[in-house]
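What follows is a short report on a single structure.
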Amino acid sequence: MVDKRNISVKLLKTVVCAVMAVCVLFACVPQIVNADKKSDDPTENREGFAAYLYDNTTGLPTPEANAIVETPDGFIWIGSYGGLIRYDGNTFERFDSRSGIASVNELFVDSNGNLWVGTNDSGVGVIDRFGNIKMYNKRDGLPSASIRAFAEGLDGKIYIGTTSGVAYVDTNGSLIWIDDSLINNSYIMQLELSADGVIYCLTKENVIFTLENGSVGKFYDSEKLGIDDGVLRAMASDPKNPGYLYVGVYKDSDRQTGSKIWYGKFEADGFKSAKKINVNPLIYINYFEFVGDDLWVCANNGIGRYNGGDEIAVLKDIPLTASIEDMIIDYQGNFWFASSKQGVMKVVKNHFTDVFDKYDIDRAVVNSTCNYNDMLFIGKDSGLTVVNTDGKVDRLKLNEVKTASGEHLGYLDLISMLEKVKIRSIIKDSKDRLWISTFGDLGLVRYDNGNVVTFGKAEGLPESQRIRTVYECRDGSYLVACTGGVAVIRDDKVEKVYGTESGVSNIEILTVAEGSDGEIIAGSDGDGIYIIGDSGIKHINTDNGLMSDVVMRIKKSQNKDVYWIVTSNSIAYMTSDYEVHTIKDFPYSNNFDMYEDSQGDVWVLSSNGIYVISADALIENQNISPVFYGIDNGLPIIANANSYSCVTDDGILYVAGTTGVAKVNIEGVFEDVNDVKMSVPYVEADGVKFYPDSEGKFVVPSSAKKITIYPYICSYNLMNPKVTYKLEGFGSYESTVKRSELSSIDYTNLRGGTYAFRMTLADAMGHSSGEDVFSIVIVKQKAFYEYWWFMILTLLLGISLIALMFYLYVRRKTKALLKKQEENKTLIREIVEAFAKTIDMKDKYTNGHSKRVADYTVLLARELGYDEETVEKYYNIALLHDIGKIGVPGEVLNKEGRLTDDEYHTIQSHTVLGYNVLKDISIMPELSVGAESHHERPDGKGYPQGLKEDEIPRVAQIIAVADAFDAMYSNRPYRNRMNFEKVVSIISGARGTQMTADVVDAFLRIVERGGFRAPDDIGGGTTEDIDNIHKRLENESKDQEDKKDKGDV
């Protein structure tokens, strides 16, 4: 929409010869404009306002302006052939013509604050406060796309005047063409709403008609109007008299006498003119505007104001003089005028007044000013000028004029007495007398309400007769600074002169003051400061803290116990004990004088303007940052070197300047920021504009990387307030800049959420009431990943991911460990099996016995409910249950025939031998248990320890059943395996005595399911000696059945 071109517009002195042409000047201090558009009159006393012209050389991006309005947010809008332009008092911005708005003829702001833009060839554009644009053109029903006028009816309808008739837009936004043969194809120039709700329409064909309720009412052609030989250019309804109009009429015969305004009432039979008002020298009236009770007139050759009577007051000495088409009063009371040839003129409130311009005084260098008896005395190189409230005073009558020594002089008038006399200063004393210091024969002149006494060399002053200034001491004496030293006058006599004889080596004294103890403090032109007291003279120069020995001013502070010092290149202060402190980092060196106000601020007059800073800041001498007022800020006159200005009791400072006198109230409210309008019309997110929603919030998408805020301070006065801004929710940091330096503000990578952008204003001195706070809400939509649920989910997913990674890591490690474990188990099993094979190889009668016992142990362990790890462990233990046989001599182990008792005991020792072999294997301590205890019995009759019941290790209990079963159900070289049922019967019979009961029960359950029977067992099997076997099992002390079976049961 609006392309920011950053055209920084300064108030240029070239504009109106800067303030010297001021002066479109108004009365006193203007008030903020209210709803009736009241403001001060710029034609009366020419004080308090200054005019500035904006064109394509001074910031306005076009050389012409057809229309001008102000919207409620404080922006000034300018319509030109170059397009639509917005201004905030600092920057002109051209509206993007791609929106369809270009070549603007007319502007209008309706009661809802919408801006209506009438273009030359594109119809109507309506811009609301949200930045939305609605276009109306011929396709929508406009009779023409060339727009010339707008008006809003009391019913809210917006009437549109085109070059081919009238249409209106109702409150629903629908456009309706007023189809009436009387006005169809009429070139509408102006629409005007009267106080009674009737809309008056002025056409280029010299017709005025009315619109009532959306239809044509009264119709007056030029004949009815009675002005057939004239041209109607503008009209205005009288706000106090409904039905009465002011009509601007131009006739060719008016070229010399000016146009006229006809004022009268429109009735059924025509325009009843009651009055014709001469507006000479204005010709060709283009526009009227009521401001309060006054009718302002914009014409082709100037501007005027009518407030009754037969004539108009015309603005003079203004830069805008051609084709003035429109005008407004902004919310701060400033006048704006639009010219289709010259641009825009602003007549702005100015705290400074050019006294010479106000009173039409010829330009001159001023050395001194002094307010005396409601008159301003102005001392110049060429004499004395005096002005009062009525203007320049021609003469001041003198009653008596004499020298201090008694010689009468023949002057009758003070002004003529001082004609062509160079006056250096005019000082008023406590007795309300003026001391006028001159260069010349008159010397020092004292004026006292018509009586004059002079002091010269005849009275004892130095022969130079060059008197610079006078200082009144506390004891009633006067110090006179002059070429020749310092003179002391007491009781109208020159009491003493301090010159070279007194020790004052440089007698060119520029300034003088009194010390705290009555000393004389004299500043010289090149030798610093002399402190003259009863004890002698103290000398202060650049060796004692001064930056220059040229001392132009020494003044006792009104509020501080210091003396202000102005030298040729610095300012300083001096304490009561005469210690000099030069002000560091003061931004300007060529200063002339210093004045204090009651707020504690010091006004420093310099060769480029005025600096204002608090006295405390100067004395603190740390952060020196004064406020500056120069030509660009409305100061019309620059102070003269070594001049003497005056301040009245009510704070009016009259600056003695190089080309006249500038007036300013240093006690008044110089800058009021309380009512300044601030605005953020839109923000950008990654270059895309976003306008406020219906709640006033700026909502930007979550994808936005950079948010740009466009803040505006809409102020058109000559002030440059300080703007402090911050984005709450983005930290506590705040920035402060001058309004002229305020630009767009970028924030990047903001998280989704709600932010508050706040601005506060302070005047140039930092004073703020704290009430001028502006705030907008910016909502950055949250990305899905910024919601709490997503954060929790992310946290959970993160934890889960970590857990999963940990699980996978542990799993991988565990898998590796398990694999390693399995490998170890396999290795152990294979080693154990190898040992088992070795054992079986030792006993030729029991080949494969260890492996089978291990397999049977597995079946029993599983039946008993043991886990696989335990089953695996029991398997390995069972494989090595007979490992001790390795230690049994082979001849005993394999002996054929009956064993001796010793041999039997030797064979029994295989349990202990096996235990000893396996006991030190720490990875599986139970290995030794199986080898040692598998021949123990629940009844305690087993070996080697005779353990009972639960004393027998569980694995040994299981191995015992497996071992007995295999011993009986396996083929041996000396016999076949026993009958399966017989073996089961034997084991069942041994339950609880030789074998543990629950193990036997497990065995029997497996048997019932078909277990333990060899696949090739189809019945049969030996039953030999079965009874003996039972008996042997019950009586272990008896001989073994057979040497083939030794050691197995």
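Taking every DSSP beta bridge that has both ends in the chain, the antiparallel portion is near 95%.
Summary of packing: across the peptides 355-363, 73-81, 194-202, the per-residue average of other C-beta atoms within 10 Å ranks them, highest first, as 73-81, 194-202, 355-363.
Only helical runs count toward this figure. For the chain, summing -39,500 (n - 2.57) over DSSP H runs of n ≥ 4 and dividing by all residues gives -5000 deg cm²/dmol at 222 nm.
Note: the stretch 677-786, Cα convex hull, 107 Å³ per residue. When each of 433, 937 is scored by the number of other beta-carbon atoms lying within 10 Å, the sequence from fewest to most is 433, 937. A P(r) calculated from all alpha carbon pairs of the stretch 380-665, with 10 Å bins opening at zero, reads 6, 28, 35, 23, 7, 0 percent.
Distances between placed amide hydrogens fall under 5 Å for residue 485 paired with 509, all partners being 5 or more residues away or on another chain. Taking all Cα pairs closer than 8 Å and separated by 6 or more residues, the relative contact order of the chain comes to 6 percent. Round to the nearest 0.05 the FRET efficiency obtained for residue 251 and residue 374 when R0 = 51 Å and r is the Cβ-Cβ distance. Once the sixth-power term is evaluated, E becomes 0.55. Note on residue 428: lysines with a C-alpha under 18 Å away, same-chain residues under 8 apart excluded, are 380, 555, 556. Within the same chain, aspartates and glutamates fewer than 8 places from residue 982 are excluded, and of the rest, those with a Cα less than 12 Å from its Cα are 1024, 1025, 1027.
Legend: residue pairs 726/782; 397/420; 260/358; 457/493, Cα-Cα distance threshold 23 Å; pairs beyond threshold, 260/358. Put the Cα centre of the stretch 67-136 next to the Cα centre of the stretch 909-973 and the gap is 109 Å. Which ³J(HN,Hα) values, rounded to whole Hz and listed in residue order, are derived for the stretch 878-890 from phi using the Karplus coefficients 6.51, -1.76 and 1.60 in 6.51 cos²θ - 1.76 cosθ + 1.60 with θ = phi - 60°, glycine and proline given as x? Karplus-based 3J(HN,Hα) across the stretch 878-890 equals 5, 4, 9, 5, 9, 4, x, 4, 4, x, 8, x, x Hz. Among 539, 905, 934, the order by Cβ neighbours within 10 angstrom, fewest to most, reads 905, 539, 934. Each of 340, 643 was scored by other Cβ atoms within 10 Å of its Cβ. Listed from fewest to most, they are 340, 643.
Positive end of the dipole of the chain (Cβ unit charges, origin at the Cα centre): among 1011, 674, 934, the Cα lying farthest that way belongs to 1011.
Entry for the chain at q = 0.05, 0.08 Å⁻¹: log10 I(q)/I(0) = -0.55, -0.95, Debye formula applied to identical alpha-carbon scatterers, no solvent contribution.
Proximity of backbone amide H atoms, modeled 1.01 Å from N, is registered between residue 614 and 602 at under 5 Å, excluding neighbours fewer than 5 places apart on the same chain. Rounded to whole numbers, the Karplus 3J(HN,Hα) couplings from phi for the stretch 653-664 are 9, 9, 8, 6, x, 6, 10, x, 10, 9, 10, 8 Hz, using 6.51 cos²θ - 1.76 cosθ + 1.60 with θ = phi - 60°, and x at Gly and Pro. In order along the stretch 456-466, phi translates into HN-Hα couplings of x, 5, 5, 8, x, 6, x, 5, 4, 6, 9 Hz, rounded to whole numbers, per the Karplus curve 6.51 cos²θ - 1.76 cosθ + 1.60 with θ = phi - 60° and x for Gly and Pro. The lysines whose alpha-carbon is closer than 26 Å to the alpha-carbon of residue 138, local same-chain residues fewer than 8 away aside, are 157, 204. Once backbone amide H atoms are built at 1.01 Å from N, residue 526 has 550, 551 as its partners under 5 Å, excluding neighbours fewer than 5 places away on the same chain.
No value in this document is a laboratory result; all are computed from the given coordinates. Please read all numbers here as calculations on a predicted model, not as lab measurements. Glycine also receives a Cβ, built like all others from the backbone with ideal geometry; neighbour counts cover every protein chain displayed.
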